[in-house]
Amino acid sequence: MGITLFKRKLKNGRTSLYINYSKNGKRRKESLGIILEVPKDKAIRESNNEKLRIAKCIVLQRELSYLQSSYKTYLPSVLQKENLEENSEVLFNINLLETFNEYIAQYSNKDIRLVKAAKVQLREYINSDILLPVHVTNPFCLGFQKFLNSKYKGNTPAHYFKKFKMFLGYCIEKNYIEINPASNIRTPQHNAITKNILTPEEISKLAYTACKSPELKRAFLFACYSGLRWSDVVNLKMSDIDYESRILTITQQKVSKSSSCAVLHLYLCNSAVRLLNKNSQTQHGENNVFSLPSHAYALKILKDWISEAGIRKHITFHCARHTFVTLLISNGVDIKTVSSLAGHSTTRHTETYMHIIDKNKKKAIDRMPELPDYIL
């Protein structure tokens, strides 16, 4: 049976909405009594859009009613007759975009910017201010993933889609949906590390180049020699460092709730210790080691500093962590030790850097002197 929304133009330029039923070659129409006015201004257009949303909800109700009567055995419990009336508010009155705002309000992790951005992308994908639970199906989620992949490159689509899946988990907790329709959708990660690492020579260039924010310069170089993430550098306290033993002990913010290796004990090399504020050794307590600007402003300063040093790479603060891991592997440190120093939960994360070292080895081999021509 086909149940579709049908528009009929009226003589005065307005549009009347109907439901078109088609079954076994027979058709019939049901007038909804909803009229779309001539879109002369923004207010009328918004009113027409709202009327269209209402009409689409009515069509969904008709479809669910038909499915309930014809395929009761196969329907999830939320759509069974005995539950249909009870769950009508969830099916047709809950706006998941508003729920997303609630989810953002209670979200406490440091990557809140990604969650907010994922909501913006979802709103753009549906091109509407209303998203009902019945709309969120597996094809809907696949379409959203395809939308993200067409719009962004690298790991950005995967990051956004991962936050969307986490939001759907929140909807399950709220009983707005029964299952996560995106649970079986894989989000492949792309290895974009190669172009985002600094060589020892480039680190030296940065050390000799003035930066608008000396604190940011000091923090970034410290991250190159310690592998700390932005969130950990920002929150690094005087009390986290034992200067006598040169041991840094922190709980990694990003994985504090998900990894058994969240607590990191890191021995600081000479360069890392030198980058710490000289006054830090005489200060204690909960004072921050670095006084840094906002993340967005820090990236702007960092971009200018990188350019001033003559480095033609797209470098973010997180690239300091990539650099730390890569330099350790390049200098022959075994992968298990590198994984421990970087605070990775498994060596699988560390192995993503190995292809870079292979390329470095190839460059090194290519620098071998050529044999004289007369020998061949």
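The values are calculated or read from the model by the stated rules, or taken from the named source; none is laboratory data. It should be emphasised that the depicted structure is a prediction, and the values quoted were computed from it without experimental measurement. Virtual Cβ from ideal backbone geometry, glycine too; neighbours counted across all protein chains shown. We work out accessible area using only protein heavy atoms, side chains counted, and drop any ligands, DNA or RNA first. Shrake-Rupley method; radii C 1.70, N 1.55, O 1.52, S 1.80 Å.
Restricting to region 12-58, and then to whatever is open to solvent by 80 Å² or more (accessible area, probe 1.4 Å) and touching a strand residue (DSSP E or B) at 6+ places or on another chain (Cβ under 6 Å), can you tell me which residue is farthest from N95 (Cα to Cα)? Among those that are open to solvent by 80 Å² or more (accessible area, probe 1.4 Å) and touching a strand residue (DSSP E or B) at 6+ places or on another chain (Cβ under 6 Å), it is R28. When I94 is tested against (1) out of contact with any strand residue (DSSP E or B) (no Cβ under 8 Å at 6 or more places or on another chain); (2) surrounded by 12 or more Cβ atoms within 10 Å (Cβ to Cβ); (3) at pLDDT below 85; (4) assigned to a helix (DSSP H, G or I), exactly one condition is not met: (4). The residue of region 317-362 that is modelled with the highest pLDDT, among those that are within 20 Å of S204 (Cβ to Cβ) and in a loop (DSSP other than H, G, I, E, B), is F317.
Contact annotation: residue pairs with Cβ atoms under 7 Å, 6 or more positions apart or on different chains, pairing a residue in region 3-14 that is within 21 Å of C57 (Cα to Cα) with a partner that is among the charged types (D, E, K, R) and surrounded by fewer than 12 Cβ atoms within 10 Å (Cβ to Cβ), are F6/K29.
This table checks each residue for (1) among the acidic types (D, E); (2) open to solvent by less than 40 Å² (accessible area, probe 1.4 Å); (3) at pLDDT 85 or above; (4) assigned to a helix (DSSP H, G or I).
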residue: E102; (1), (2), (3), (4): yes, no, yes, yes
residue: K116; (1), (2), (3), (4): no, no, yes, yes
residue: F140; (1), (2), (3), (4): no, yes, yes, yes
residue: F144; (1), (2), (3), (4): no, yes, yes, yes
residue: Y160; (1), (2), (3), (4): no, yes, yes, yes
residue: F164; (1), (2), (3), (4): no, yes, yes, yes
residue: N180; (1), (2), (3), (4): no, yes, yes, no
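Remark: pairs (first residue in region 19-48, farther than 17 Å from K7 by Cα; second residue modelled with pLDDT under 80 and open to solvent by 70 Å² or more (accessible area, probe 1.4 Å); Cβ separation under 8 Å; 6+ apart in sequence or on different chains) = K23/M1.
For the structure I just gave you, tell me whether L5 is among the aliphatic types (A, V, I, L, M) and either part of a helix (DSSP H, G or I) or at pLDDT 85 or above (or both). Spelling it out, L5 is indeed among the aliphatic types (A, V, I, L, M) and either part of a helix (DSSP H, G or I) or at pLDDT 85 or above (or both).
From S231, S204, S245, grab the single residue that is among the polar types (S, T, N, Q), touching a residue at least 40 places away in the same chain (Cβ under 8 Å) and outside any strand (DSSP E or B). Just one listed residue meets the conditions, S231.
Mind counting the residues in region 214-228 that are open to solvent by less than 20 Å² (accessible area, probe 1.4 Å) and within 14 Å of D304 (Cβ to Cβ)?
Adding up the residues that qualify gives 2.
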